[in-house]
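The values are calculated or read from the model by the stated rules, or taken from the named source; none is laboratory data. Since this is a predicted model, take the numbers as computed values, not measurements. Cβ sites come from the backbone with ideal geometry, for glycine too, and all protein chains shown count toward neighbours. All accessible areas refer to the heavy atoms of the entire protein, side chains included, with ligands and DNA or RNA removed. Shrake-Rupley method; radii C 1.70, N 1.55, O 1.52, S 1.80 Å.
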Amino acid sequence: MQRKKAHIDARIEDANIDKGIIVLLTGNGKGKSSSALGMICRALGYDMKVGIAKFLKGVQTTGEDAFLAKQPNVQTVFMKTGFTWDTQDKAYDTAMAVETWKKALAYLEDESIDLVVLDELTYMISYKYLDEQQILSALNNRPINQHVVITGRAASKSLIDIADTISEIKDIKHAFRANIKAQKGIDL
Ligand code: ATP
Ligand code: MG
């Protein structure tokens, strides 16, 4: 235990760089967007400013949307459309993605925003609604101390390369498969 403590203390001492990081939450299990909300909550506790861009899920409102709308330090932009297999209108969905991205880009250029959450961004790349190079360059050029959290399944190789912290959430069981519908406070 003494050796372990010395080892851990040394690792903590080595970690002395202070900078904005990119956290990528991916995988098929439940918990990506709600983990991002946990970090929003932490940031707000320190009076940090948060910008949220919600890709895809703009049509369905959730408990956190109602909560965050009351937070003075939070700005949110919603892409008010869903998956193209629902809308059957790719041109409209792409236009909405581009509109939402413009606002997200403004967050990524704004030094006063401490944390930017790009919820469900991975799909914008995998379904080619947005240009991946533009996203990567905005992430690379953002203010040095700004943190970014990106969520969504099947993250691309370049998002994996650019992120500092990545967790892949594994689906072991989901209540939905036992025909339990989405529950308030848990799923939405
Ligand atoms: P959450 O917002 O609950 O953290 P998530 O962001 O990890 O979930 P999404 O793919 O964005 O997952 O889906 C959001 C919604 O779909 C939530 O209602 C969530 O419970 C549900 N969901 C997530 N993963 C699964 C799954 N493997 N099977 C069925 N439903 C799922
Ligand atoms: Mg999600």
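How many residues are within 15 Å of ligand 1 (Cβ to nearest atom) and touching a helix residue (DSSP H, G or I) at 6+ places or on another chain (Cβ under 9 Å) when one looks only at the range 31-64? Step through it out loud before you land on a result.
First pass over the range 31-64, keeping only residues within 15 Å of ligand 1 (Cβ to nearest atom): 31-41, 52-64.
Those still in the list that are touching a helix residue (DSSP H, G or I) at 6+ places or on another chain (Cβ under 9 Å) too: 33-34, 37, 40, 52-59, 62, 64.
Total meeting the criteria: 14.
Is it fair to say residue 105 is modelled with pLDDT of 95 or more and open to solvent by less than 40 Å² (accessible area, probe 1.4 Å)? Don't jump to the end; show me each part of the working.
Numbers: modelled with pLDDT of 95 or more: yes; open to solvent by less than 40 Å² (accessible area, probe 1.4 Å): no.
Against the criterion (modelled with pLDDT of 95 or more and open to solvent by less than 40 Å² (accessible area, probe 1.4 Å)), residue 105 does not qualify.
Could you figure out which of (1) assigned to a helix (DSSP H, G or I); (2) within 16 Å of ligand 1 (Cβ to nearest atom); (3) under 23 Å from residue 51 (Cβ atoms); (4) open to solvent by 80 Å² or more (accessible area, probe 1.4 Å) isn't true of residue 177?
Status for residue 177: all satisfied but (3).
Criterion first (touching a residue at least 12 places away in the same chain (Cβ under 8 Å), farther than 23 Å from residue 167 by Cβ and out of contact with any His (no Cβ under 8 Å at 6 or more places or on another chain)) does residue 105 satisfy it? Working first, answer last.
On the way: touching a residue at least 12 places away in the same chain (Cβ under 8 Å): yes; farther than 23 Å from residue 167 by Cβ: yes; out of contact with any His (no Cβ under 8 Å at 6 or more places or on another chain): yes.
For residue 105, the condition - touching a residue at least 12 places away in the same chain (Cβ under 8 Å), farther than 23 Å from residue 167 by Cβ and out of contact with any His (no Cβ under 8 Å at 6 or more places or on another chain) - is met.
Inspect the range 5-15 for any residue being part of a strand (DSSP E or B) and either touching a residue at least 12 places away in the same chain (Cβ under 8 Å) or away from ligand 2 (no atom under 13 Å from the Cβ) (or both) and give the result as yes or no. Give the steps one after another, and end with the answer.
From the range 5-15, those part of a strand (DSSP E or B) are none; that's our starting set.
For the range 5-15, residues part of a strand (DSSP E or B) and either touching a residue at least 12 places away in the same chain (Cβ under 8 Å) or away from ligand 2 (no atom under 13 Å from the Cβ) (or both): absent.
Taking the options 37, 44, name whichever one is away from ligand 2 (no atom under 16 Å from the Cβ), touching a residue at least 24 places away in the same chain (Cβ under 8 Å) and not in a loop (DSSP other than H, G, I, E, B). Step through it out loud before you land on a result.
Details: 37 fails: away from ligand 2 (no atom under 16 Å from the Cβ).
From the options 37, 44, the qualifying one is 44.
So is residue 30 part of a helix (DSSP H, G or I) and either open to solvent by 90 Å² or more (accessible area, probe 1.4 Å) or polar (S, T, N, Q) (or both) or not? I'd like the intermediate steps shown before the answer.
Values: part of a helix (DSSP H, G or I): no; either open to solvent by 90 Å² or more (accessible area, probe 1.4 Å) or polar (S, T, N, Q) (or both): yes.
No, not satisfied.
Give the number of residues within the range 139-150 that are aliphatic (A, V, I, L, M) and open to solvent by 10 Å² or more (accessible area, probe 1.4 Å).
Kept after step one, since they are aliphatic (A, V, I, L, M), are these residues of the range 139-150: 139, 144, 148-150.
Applying the additional criterion that residues be open to solvent by 10 Å² or more (accessible area, probe 1.4 Å) yields 144.
Here the count works out to 1.
Check off (1) surrounded by 16 or more Cβ atoms within 10 Å (Cβ to Cβ); (2) away from ligand 2 (no atom under 15 Å from the Cβ); (3) of a type in the set (Phe, Trp, Tyr) for residue 123 and give me the number that stays unchecked.
(2) is the only condition that residue 123 fails.
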